[in-house]
Amino acid sequence: MDTEEKTQLVFVCPKCGDHKFGTSNVIEPLDKWIGHCHNDHVYCKFTWSRKDDWKYFQLVYTKTKTFETPEEYRQYVQAIKGRTSE
């Protein structure tokens, strides 16, 4: 099994916890950009100045796993199930 590590910035809405967002006023200077939450399940009205992104984005480290065989995948899934059922 190969493992690849990734680092990415992820938006986390402080009001609803969702990760989807959009930006308005992008033809204006950066200090006039407005970010807004795009939660599909609840109507979230959270907005912020995009110059304050540092408050609402988090660094997330992920590992992507590639499996060589179906059996290797099944073993990995079983190992996860064993950890979460305790």
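The values are calculated or read from the model by the stated rules, or taken from the named source; none is laboratory data. Note that the coordinates shown come from a computational prediction; the quantities given were computed from them, not determined experimentally. A quick note on method: Cβ atoms are made from the backbone with ideal geometry, for glycine too, and the neighbour counts reach across all protein chains shown.
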Looking at Asn25, is it at positive phi and either modelled with pLDDT under 95 or out of contact with any helix residue (DSSP H, G or I) (no Cβ under 7 Å at 6 or more places or on another chain) (or both)? yes
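Would you be able to tell me the number of residues in region 40-59 that are at pLDDT below 90 and either surrounded by 13 or more Cβ atoms within 10 Å (Cβ to Cβ) or among the acidic types (Asp, Glu) (or both)?
Here is the first cut: in region 40-59, the ones at pLDDT below 90 are 40-43, 59.
Retained after the next criterion (residues that are either surrounded by 13 or more Cβ atoms within 10 Å (Cβ to Cβ) or among the acidic types (Asp, Glu) (or both)): 40.
Final tally of qualifying residues: 1.
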Tell me which residues, restricted to region 27-39, are farther than 19 Å from Lys55 by Cα and either surrounded by 10 or more Cβ atoms within 10 Å (Cβ to Cβ) or among the basic types (Lys, Arg) (or both). Glu28
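So which of Thr62, Thr84 ends up being in contact with a Lys or Arg (Cβ under 7 Å, 6 or more places away or on another chain) and modelled with pLDDT under 90? So that I can check it myself, show each step before the final result.
Details: Thr84 fails: in contact with a Lys or Arg (Cβ under 7 Å, 6 or more places away or on another chain).
On inspection, the qualifying residue turns out to be Thr62.
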Give the number of residues within region 36-86 that are among the acidic types (Asp, Glu), over 25 Å from Lys20 (Cβ atoms) and in contact (Cβ under 8 Å) with a residue 12 or more places away in the chain. 2
Those residues of region 49-76 which are out of contact with any Phe, Trp or Tyr (no Cβ under 8 Å at 6 or more places or on another chain) and over 18 Å from Val12 (Cβ atoms), in sequence order: Lys63, Thr64, Thr66, Glu68, Thr69, Pro70, Glu71, Glu72, Arg74, Gln75
